[in-house]
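The values are calculated or read from the model by the stated rules, or taken from the named source; none is laboratory data. Small disclaimer: the values here were computed from a predicted structure and weren't measured. Neighbour counts are summed over all protein chains in view; Cβ atoms, including those assigned to glycine, are modelled from backbone coordinates with ideal geometry.
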Amino acid sequence: MISDWLKIGFKSFFGMILMFSSFTGFGHELRGKIYDSYQNPVAGVGVYNKTTEAFTYSGINGYFEFDSISVNDVLYFYSLGFRTTSRTVAEEDLDSSVAIVLEEAPVSLEQIVLISKLDAFSRMVRIDTEQNPVRSSQEVLRRVPGLLIGQHAGGGKAEQLFLRGFDLDHGTDISISVDDMPVNMVSHAHGQGYADLHFLIPETLDKLDFEKGPYKAEYGNFATAGNVSIKTKKKIDQNRITLEAGDFNTLRMVGLMKILETTNTQAYVASEGVLTDGYFTSPQNFNRLNLMGNFHFSKEGESLRLAASHFQSRWDASGQIPQRAVDQGIIGRFGSIDDTEGGMTSRTNLWMNHYKSIDDHQSVKTSAYVTAYDFELYSNFTFFLEDPVNGDQIRQKEDRLILGAKTVYSKKIHTTEDDSHAELDLGTGFRYDKVSDVELSRTRNRTETLENLALGQIDEFNGFAFANLEYRLGKWTINPALRADYFSFQYENELTDTYDLQRKAKLFLAPKLNILHTFSPDLQAYAKTGFGFHSNDTRVVIANRGEKVLPLAFGSDLGINWKPDSRLAINAGVWGLWMQQEFVYVGDAGIVEPSGRTRRVGADLGIRYELNDKLYMYGDINYTYARFTGAATGEDFIPLAPDLTSAGGFTYVGFKNVEASLQYRYIKDRPANEGNSIVAEGYFVTDLNLNYTYKNLSLGLVIENLFDTEWNETQFATVSRLRNEQEAVDEIHFTPGTPFFIRGRLSFTF
């Protein structure tokens, strides 16, 4: 049945592409370009004809056009960060190209108009970041509504992620990218989809976009629960030096410096250093260094960006501790059973983004990247379960080289016959991972290798192509899309006596269809549906002889974006997501393994409200019903899948140069095993930020866990045995969350 549906969808989709590509007559009754005060083109500006209720958006080169327009029609121009501008169409406008200059203004909900765009909610959420800038790399992902994170390895390992009833581990079902460079690691030594975002310097963050569900053709592997696209700054307005110091011997230093600034060219460097002992009994000895250089050149119709970064980190960790050890007084909440855990990692990136406008209706975007990465992690999840003498410490290690590129051709299509508009995107690209000496070994005290459990070489290639059509007719936007992914998995086992190289290949086709109806500039309804996938680890693919290589996901969303008032924005929706295969954490081996089919249904509600020019409030609440399908009732819970989460806060700006923000995050108790006999405790944690600015000097205070709540940041149901125990015990193992943690910040701009 699904195959029949796919065939019909493919025929209809390509039929629409051919139909719209055949139109060559354009009715340019009003056309123009939109610029900022520096004469730079502004993309994504909403242009709304209040007289006829027609609408459009400016392209990357700032170009827009209207058909069937009349003298005295009133046009409104909306864009975040710019003052809303209106223009009454004059007779001379119809015979020439007009230039619209937008004036910069503080970001406000009033600047959002709900016309034709499928990512309206993502645009609303950008205001959260503008009103309350991100202070750490961990905060970046928390800005996605419904996405919660947890750290459980001394701050150096990628965070554990939760979204839409998923325990995403470190990124198995969420695609994360920075400037079109993927963050997720395929066939990673520690976990499939591993996404370590610590190479991002938070002060360089420019924009964060997201999509929940598998609905965007541009994103393939891991984009099932959703995707997060991060853009860094192309240029900086001011030089900045920041120093932070706080509890637990914490020190952070940041620098952003311009090194070149002309009319068409800008360049800057950014650096970050972090040191801390952490709040555990055994010091973490944590250190992290980030360096980034950025060069940007732009002229009319073309831009080029070159950037490079280097990240390295080293740390010790106290690991996840069993609840019984705390209850019996063997250790305290911040103690450890094995404090020799920890690791080291580094990532070096070089990436390029190029845009070229062929003419007012056609453009090409190209991105390319190369990444050198290494990783070494020591963990002990089960203590003395497997080896009562030496303990169960393991090492996971790899060295990796990644190469990739993507090109997208865009064409705007206008027809004068029915005043319809369409935009066609055709993209293609590849990603190649060369993973050397990917290892899982038993070790002792991080110095002695006791046994190699797995050791090999991985070559994984992903080639892809996609077509995306956005067709606008009146108040309707119809968005059919198709993506094709080809994977080649190759693994050489280095533990066999003879040469052992195996290879599997797989093709995946993912049709998608999104429909949007704009009732007015203040109300839109949407329906989204589509297929997606996550790839399995190469070693799993080879071991299973190519079975379940690319587990399928099917999702659907139905919801509204509504602005009942110019200062109030609401997103509400219901959704469902069905997965062909789930990943479940296996604590005693420090790995994840595939499990059965799952279904999730849920509801999301997000509210953003500006009480006045100084006070901004937001909140999101997300509910999910998540179960394995085919399992016995009562044994079908998905371990660690959250069913109720919420996050929100408020920001106050303006009183005597003082800024204040209070933020909370909440997660309800959730099952830790399939039978729900072991429960992972929920939490409610509040953070506070205060900032005072005087001229070019800024003083800040950051308090994490303001009310000193006792909470567990990450939790797992794990079978373990302590040194003097005769029998193994299956219970909650946890990493305690941050206690009251205060640090001060001094920032100087020039």
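Residue by residue through the stretch 30-87, note down the ones that are outside any strand (DSSP E or B), at negative phi, free of Cβ contacts under 8 Å to residues at least 40 places away in the same chain and in contact with a Ser or Thr (Cβ under 7 Å, 6 or more places away or on another chain).
Selection gives ALA43, ASP73.
Applying the selection to the stretch 681-725, what residues are surrounded by 14 or more Cβ atoms within 10 Å (Cβ to Cβ), out of contact with any Asp or Glu (no Cβ under 7 Å at 6 or more places or on another chain), closer than 20 Å to GLU159 by Cα and of a type outside the set (S, T, N, Q)?
Matches in the stretch 681-725: TYR683, VAL685, TRP711, GLU713, PHE716.
Mind checking which residues of the stretch 192-227 are more than 21 Å from TRP578 (Cα to Cα), within 13 Å of the chain's Cα centre (by Cα) and not in a loop (DSSP other than H, G, I, E, B)?
TYR194, ALA195, LEU205, LYS207, LEU208, ASP209
Filter the stretch 671-680 for residues that are surrounded by fewer than 20 Cβ atoms within 10 Å (Cβ to Cβ) and either of a type in the set (A, V, I, L, M, F, W, C) or at positive phi (or both) and give the result.
Result: ASN676, ILE678, VAL679.
Just to check your reading of the model, which residue among THR407, THR371 is surrounded by fewer than 20 Cβ atoms within 10 Å (Cβ to Cβ), part of a strand (DSSP E or B) and touching a strand residue (DSSP E or B) at 6+ places or on another chain (Cβ under 8 Å)?
Result: THR407 is the single residue among THR407, THR371 that is surrounded by fewer than 20 Cβ atoms within 10 Å (Cβ to Cβ), part of a strand (DSSP E or B) and touching a strand residue (DSSP E or B) at 6+ places or on another chain (Cβ under 8 Å).
Is the stretch 370-380 home to any residue that is under 28 Å from the mean Cα position of the chain (by Cα), β-branched (Val, Ile, Thr) and closer than 30 Å to GLY429 by Cα?
Yes.
Go through the stretch 446-466 and give me each residue that's surrounded by 18 or more Cβ atoms within 10 Å (Cβ to Cβ) and closer than 18 Å to GLY427 by Cα.
Within the stretch 446-466, ASN462, PHE464, PHE466 qualify.
Report whether or not ASP437 is under 30 Å from the mean Cα position of the chain (by Cα) and either among the β-branched types (Val, Ile, Thr) or farther than 29 Å from ASP387 by Cα (or both).
When the stated conditions are applied, ASP437 does not pass them.
Mind checking whether some residue in the stretch 640-655 is farther than 28 Å from ILE570 by Cα, surrounded by 20 or more Cβ atoms within 10 Å (Cβ to Cβ), touching an Asp or Glu at 6+ places or on another chain (Cβ under 9 Å) and assigned by TED's automatic domain parsing to the domain that holds GLY602?
yes
So SER303 clears everything in (1) among the small types (Gly, Ala, Ser); (2) in contact with a Ser or Thr (Cβ under 7 Å, 6 or more places away or on another chain); (3) surrounded by 20 or more Cβ atoms within 10 Å (Cβ to Cβ) except one condition, right? Which one?
(2)
Is there any pair linking a residue in the stretch 422-433 that is farther than 30 Å from ILE458 by Cβ and modelled with pLDDT of 95 or more to one that is aromatic (Phe, Trp, Tyr) and surrounded by fewer than 19 Cβ atoms within 10 Å (Cβ to Cβ), with Cβ under 6 Å and at least six apart or on different chains, and which?
LEU426/TYR409
Filter the stretch 116-133 for residues that are touching a helix residue (DSSP H, G or I) at 6+ places or on another chain (Cβ under 8 Å) and aliphatic (A, V, I, L, M) and give the result.
MET124, ILE127
State yes or no: is ALA90 among the hydrophobic types (A, V, I, L, M, F, W, C) and closer than 21 Å to LYS412 by Cα?
no
It is to be established whether one or more residues within the stretch 664-677 are in contact with a strand residue (DSSP E or B) (Cβ under 8 Å, 6 or more places away or on another chain), within 13 Å of GLN131 (Cα to Cα) and either at pLDDT 95 or above or not assigned by TED's automatic domain parsing to the domain that holds GLN581 (or both).
no
Name the residue that is farthest from PRO521 (Cα to Cα), counting only residues in the stretch 457-477 that are over 25 Å from the mean Cα position of the chain (by Cα) and modelled with pLDDT under 95.
Here the answer is TYR471.
Hand me the list of strands (runs of 3 or more DSSP E) wholly inside the stretch 516-626 holding 3 or more residues that are touching a residue at least 12 places away in the same chain (Cβ under 8 Å) and basic (Lys, Arg).
598-610
Being out of contact with any His (no Cβ under 8 Å at 6 or more places or on another chain), polar (S, T, N, Q), touching a residue at least 60 places away in the same chain (Cβ under 8 Å) and crowded, with 21+ Cβ neighbours inside 10 Å: is that true of THR382 here?
The answer is yes for THR382.
Cβ-Cβ below 8 Å, separation at least six or inter-chain, first residue in the stretch 397-411 and without any contact (Cβ under 8 Å) to a residue 24 or more places away in the chain and in the same structural domain as LEU424 (by TED's automatic domain parsing), second of a type in the set (Gly, Ala, Ser) and buried (at least 16 other Cβ atoms within 10 Å of the Cβ): which pairs?
Close Cβ pairs satisfying both conditions: none exist.
Just give me the residues in the stretch 500-521 being of a type in the set (Gly, Ala, Ser) and either at pLDDT 95 or above or within 30 Å of GLY456 (Cβ to Cβ) (or both), in sequence order.
ALA505, ALA510
When you look at ILE34, is it out of contact with any helix residue (DSSP H, G or I) (no Cβ under 7 Å at 6 or more places or on another chain), crowded, with 19+ Cβ neighbours inside 10 Å, modelled with pLDDT under 85 and closer than 30 Å to LYS235 by Cβ, yes or no?
no
Can you report the number of residues in the stretch 91-128 which are more than 24 Å from the chain's Cα centre (by Cα) and surrounded by fewer than 18 Cβ atoms within 10 Å (Cβ to Cβ)?
14
So the check is Cβ under 9 Å with 6+ separation or different chains; which pairs have a first residue in the stretch 278-298 that's on the phi > 0 side of the Ramachandran plot and a second one that's of a type in the set (Gly, Ala, Ser) and outside any strand (DSSP E or B)?
GLY278/GLY154; GLY278/GLY155; GLY278/SER318; ASN285/GLY154; ASN285/GLY278
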